[in-house]
Amino acid sequence: MWASLSIAFPLLWAGARLVAPEAVGGFGLTTPEFVLAAVLGAGLGGLLLGLVGWAGATVAVPTSLLLRPAFGTWGASVLTAIVAAGIGLLAAFELRIAAEAAAALIVEMGGPDTVILGWAGIGVVVAIMVWAGPVLVARTWIRWGAFWAALLVTIFLFWQITSEAGFAGAADAGRLWEAMDFIVGVSILWFPIVPEIARFSGAPGSAGTAMGGGFAVPALLTMFVGAGAMSALGISGSLDPVELVLGLVVGSVSTAFAILLLVWLLVAEADQPFGLLFVAGSSLAGLREGWNQRLVSFILFAGAITAGALLPLYEMDGWVELLISIFVPAVGVFIADFFVVRDRSYNTDTLLEGSGAYAGLNYLGIGALAVGFVVYQLLVPSGPDDWVAWVDGIAGGGWADRVIIAQPGFVSFLVAFGIYMLFGRWVTKDDAAVTRIAGRF
């Protein structure tokens, strides 16, 4: 299930953005630069997700509870709501992209020109998955069909696009390290999903390895396909995700190839919004006893359908970058808390009750997250257009050109991690919080 979730539009779009010229919002990497950035970015992103997976398997609780020590019960609740809204928004964009791409492919096959068919097809599949739940979906749909079909079709698309369209990076002087930083940030968008899957493992080391490698390999393959799609569009084409999917066709669309891409949308893309909505529903349901996770997920699904139909796709990159600027320092604080300050040990009873050492607000964790977020935004204002304009007015256009290290994700992660690591020992209540969990060490 985890590897299947990694084959999706965010990484297809990220791969295309690496080789797209800066004039259309890309990083302008040449082919060697792209390969280096993609490999290092996917590897580092997989490493961070592997660490989160290790923690999730160790403590074996949902994401909303796992965040309580680092941010406090109230702080974790607020962060959980922000994360749920963010990944719900990401699910909305993915539903929109899949629906419009499916509708375009139906037209290419001689069908009616209406986006309703695309929305109906993708929407029904995702709705059935939300109703079925993660266990049934993972054990049947993904394990025995979807993952292998998605992987095989993605490999075929990679072969097709590199052999027929070729692969060439942009002619710009690429921003290699900024591009790698971006890939790591996109990888961290998956961090809320990791504990929800890893908590059923019971083997922290194996879970960490599976999460890291299970993400990095499919992610790398998907980024190569995205870069090939951009190359097929003439390298200076639009970063519109729907056009990228159609760019995989490489020239005129045959009925067989259109059918193949429709299959790819169903097996590689439909489980992505499902996974995001399931995690958001599980996290929100965990905030209050008695809330039904499936019902919450269906409510979020209805909201995602509505948002996906109303929000313009050209704003997608802004919202994704805003999420990255929040998630990156949040992961920095969590990793510092779990692996350094509390030495991989959380008190399970206190964690579940939300009392004792974890009650209220962990002001250090919240403060470190806030400082990391501000640093990210000051270096490179990121978000929707109105937000970027407001931050630009404060930062004077961003500080990236005025400092030695300009990678916002790398710097904000280190700032949040460093603040919590340096002061965490004096602020956290170790006598109540650090307790070995029986059977896990």
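The values are calculated or read from the model by the stated rules, or taken from the named source; none is laboratory data. As the structure is a prediction and not an experimental result, all values here were calculated from the model. Here the Cβ positions follow ideal geometry from the backbone for every residue, glycine too, while neighbour counts run over all protein chains shown. These accessible areas exclude ligands, DNA and RNA; they are computed on the full protein's heavy atoms, side chains included. Shrake-Rupley method; radii C 1.70, N 1.55, O 1.52, S 1.80 Å.
In this simple spin-label approximation, LEU310 and GLU22 carry label points 7 Å from Cα along the Cα→Cβ vector, and these lie 3.7 nm apart.
Not counting the cut sites, what is the longest span of the chain without trypsin sites (Lys or Arg not before Pro) that DSSP labels loop and that have at most 15 other Cβ atoms within 10 Å?
On the way: sites that count: ARG288, LYS429, ARG436, ARG440.
Longest run free of exposed loop sites: 1-287.
Using C-alpha pairs under 8 Å with a sequence gap of at least 6, the mean separation divided by the residue count of the chain gives a relative contact order of 29 percent. Here each label is just a point 7 Å from Cα along the line to Cβ, and for ALA302 and ALA370 those points are 3.6 nm apart. For TYR363 and THR140, a Förster radius of 45 Å and the Cβ-Cβ distance give a FRET efficiency of 0.50, rounded to the nearest 0.05.
Taking a ≥ b ≥ c as the square roots of the eigenvalues of the alpha carbon gyration tensor, the stretch 287-374 is oblate, as a/c is not under 1.5 and a/b does not beat b/c. Averaged per residue, the chain has 39 square angstrom of accessible surface, using a 1.4 angstrom probe with ligands and nucleic acids left out. Diffusion coefficient of the stretch 268-424 by Stokes-Einstein, Kirkwood radius over Cα pairs, 10 °C, 1.306 mPa s: 88 µm²/s.
With the contact rule set at Cα under 8 Å and sequence spacing of 6 or more, what percent relative contact order holds for the stretch 1-47? If you can, show how the numbers build up before the last one.
Values: 25 pairs, mean separation 9.7, N = 47.
For the stretch 1-47, the relative contact order is 21 percent.
What do the square roots of 5 times the Cα gyration tensor eigenvalues come to for the chain, in whole Å, largest first, as semi-axes of the equivalent ellipsoid?
Numbers: eigenvalues 243, 132, 73 Å².
Rounded to whole Å, the semi-axes are 35, 26, 19.
Modelled spin-label separation between ALA132 and ILE155, with each label point placed 7 Å from Cα along the Cα-to-Cβ direction: 2.3 nm. Computed in the context of the full set of protein chains, the accessible area of the stretch 251-356 at 1.4 Å probe radius has 62% of its extent on carbon or sulfur.
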